[in-house]
Amino acid sequence: MEKKVYNFNPGPAVLPKPVLEQVQAELLDFNGTGMSILEISHRSKAYEGVHMEAEARMKKLLNLGDDYRCLFLQGGASGQFAMIPMNFLAPGRTADYLLTGSWSQKAYKEAARQGNVHIAASTEGDNFNRIPSPDEITFSSNPVYAHLTSNNTIMGTQWQDFPECGEIPLMADMSSDILSRPFAAKKFALIYAGAQKNLGPAGVTVVVIKNSLLEQIREDVPIIFNYKTHADNNSLYNTPPVFAIYIVNLVLKWIEDSGGLAAIEAQNREKAALIYKEIDESGGFYRGHAQKDSRSLMNITFRLPNPDLEKKFVEESTANGLIGLKGHRSVGGMRASLYNAMTLEGAKTLAAFMREFREKNS
Ligand SMILES: Cc1ncc(COP(=O)(O)O)c(C=O)c1O
């Protein structure tokens, strides 16, 4: 019998069960080809349909029209840390970075290796436990772009409202909250996400880019790292990660079938509220890392009264089938990742476990 666990891993993470079942059902014979999707050409008709459908679905869910492209690249979100400045940070220009955690710092460091960078805001002084307020943000005079991380996977904070940037092209790493809520994607010139949290398996990086940006790419970019190469070739310039894109397409369909982003957000809010309630009503037994107005719906970070209890929490939760709750070493404590595919039942089970653990150990 299948082992019943709830997977709270931060990524790669839980995938929707109906998606995995469909993958399993058609693994040996994709779409009547008599071959697995793992075995067919990326230029075959059978695959082409999947590929184009995935781009169309992504744009539709983000409410974007013909002025945007959705690309399927490799190299992870970390690859985008380097590729963005490679394409846009021309000599003499400055790129602005909003620092809200380790991932945005990594993006900033990659850009700093390539050109002028400016820190438009940073909450490092508060151990990245919050998102900066609008009056803490100071853009440089004419930045080539501004970059932020919409959800800080390690810290457990999330932008609730995105900053007003005027004419500055806004770019965002949305690896850990893409398609978790409706938002004005049109505010962004570029959005990217490693797939392995909310979109599918590791191996594909989704990049949503405004067409007008494709005209502003530096001349000296290697062909393979040039966004235009991939846009002009529908992300088929070279062999794309076919299996990963196929699963992303199924996950996008699952989001549509679940009622779209508004329904997904409602469920995400309900799940997160159950866990934050346990923290807030624990009389200080559980201490959240994020300040309340910056709390993430995707990654919930919290400490226990001492390291021994934290160790015990990890051991007992794991023994109870609640997997992946140990926090990142830089924050310590626990982290519950509640991506789209985590069920309400999973969140309820974790909340009940937290309550029982507190009652037994306080
Ligand atoms: C917000 C964020 N950005 C970037 C990354 C790095 O992604 P990748 O491993 O795809 O390079 C992660 C991975 O956890 C992340 O959470």
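Once you compute Rg and the Kirkwood Rh from C-alpha atoms, what is the Rg to Rh ratio for the stretch 113-262?
Values: Rg = 16.7 Å, Rh = 17.2 Å.
In the stretch 113-262, Rg relative to Rh is 0.97.
If the label point is 7 Å along Cα→Cβ of H118, which residues in the stretch 185-228 have backbone nitrogen under 20 Å from it?
Under cut-off, by backbone N: 188-190.
Sorted by average packing, counted as other Cβ atoms within 10 angstrom per residue and highest first, what order do 248-254, 184-190, 39-45 take?
On the way: 248-254: 21.9, 184-190: 17.6, 39-45: 13.1.
Per-residue Cβ counts within 10 Å, averaged per peptide and sorted highest first, yield 248-254, 184-190, 39-45.
Only four residue types carry charge here, +1 at the Cβ of Lys and Arg and -1 at the Cβ of Asp and Glu. Report the dipole size of the chain about the Cα centre in Debye, rounded to the nearest 20. Walk me through the numbers on the way to the answer.
On the way: 38 positive and 40 negative charges, 119 e Å.
With Lys and Arg at +1 and Asp and Glu at -1, about 580 debye.
Over the stretch 64-168, what number does the Rg to Rh ratio reach, with both radii from the alpha-carbon atoms and Rh per Kirkwood?
Working: Rg = 13.9 Å, Rh = 14.5 Å.
We get a ratio of 0.96 for the stretch 64-168.
Let me have the relative contact order for the stretch 219-337, percent, based on Cα pairs under 8 Å that are six or more residues apart.
Values: 90 pairs, mean separation 17.8, N = 119.
Relative contact order comes out at 15 percent.
When only Cα pairs under 8 Å and 6 or more residues apart are kept, what is the percent relative contact order across the stretch 114-258? Mind dumping the intermediate values first?
Working: 162 pairs, mean separation 20.9, N = 145.
Worked out over the stretch 114-258, it gives 14 percent.
Can you give the relative contact order of the chain as a percent, counting alpha carbon pairs under 8 Å and 6+ residues apart?
Details: 673 pairs, mean separation 82.4, N = 362.
It rounds to 23 percent for the chain.
Using the Cα gyration tensor of the stretch 271-362, with a ≥ b ≥ c the square roots of its eigenvalues, what is the shape: rounded (a/c below 1.5), prolate (a/b larger than b/c) or oblate (neither)?
Details: a/c = 1.28, a/b = 1.11, b/c = 1.15.
Because its axes are fairly even, with a/c under 1.5, the stretch 271-362 counts as rounded.
Can you pull out the trypsin sites (Lys or Arg not before Pro) in the stretch 64-115 that DSSP calls coil and that have at most 12 other Cβ atoms within 10 Å?
Counting only loop positions with at most 12 other Cβ atoms within 10 Å, the trypsin sites (Lys or Arg not before Pro) in the stretch 64-115 are R113.
Antiparallel versus total DSSP beta bridges in the chain: what percent is that, nearest 5?
Values: 21 of 39 bridges.
So the antiparallel bridges in the chain amount to around 55 percent.
Calculate I(q)/I(0) for the stretch 1-135 by the Debye formula, one identical point scatterer on each C-alpha and no solvent, and give its log10 at q = 0.09 Å⁻¹ to two decimals.
Each listed q corresponds, in turn, to -0.49.
Full extension from L38 to Q160: what is 0.36 nm times the residue separation minus their Cα-Cα distance, to one decimal in nm? Can you show the working numbers first?
Values: separation 122, 0.36 × 122 = 43.92 nm, distance 3.92 nm.
Net length gain for the segment: 40.0 nm.
How much length is gained on full extension from A262 to K277, taking 0.36 nm per residue of separation minus their Cα-Cα distance? Mind showing how you got there, number by number?
Working: separation 15, 0.36 × 15 = 5.40 nm, distance 2.22 nm.
Gain on extension, A262 to K277, equals 3.2 nm.
Roughly how many Å² is the accessible area per residue of the chain, as a whole number, for a 1.4 Å probe?
Details: 15860 Å² over 362 residues.
Using a 1.4 Å probe on heavy atoms only, each residue of the chain averages 44 Å².
With each label point set 7 Å from Cα along the Cα-Cβ vector, what nm distance links L28 and T343?
Computed distance between label sites L28 and T343 equals 2.7 nm.
For the chain, with all protein chains present and a 1.4 Å probe, just round the carbon and sulfur fraction of the accessible area to a whole percent. Numbers along the way, then the final one.
Working: 8000 of 15860 Å².
Roughly 50 percent, rounded to a whole number.
Report, in deg cm²/dmol and to the nearest 500, the calculated mean residue ellipticity at 222 nm for the chain, where each DSSP H run with n ≥ 4 adds -39500 (n - 2.57) and the sum is divided by the residue count.
Working: 10 runs with 128 residues, N = 362.
When only DSSP H runs of four or more count, the value is -11000 deg cm²/dmol.
The values are calculated or read from the model by the stated rules, or taken from the named source; none is laboratory data. Fair warning: this is a prediction, and the values are worked out from it, not measured in the lab. Here the Cβ is made from the backbone with ideal geometry for all residues, glycine too, and neighbour counts use every protein chain on show. Please note that ligands, DNA and RNA were not included when accessible areas were found on the heavy atoms of the full protein model with its side chains. Shrake-Rupley method; radii C 1.70, N 1.55, O 1.52, S 1.80 Å.
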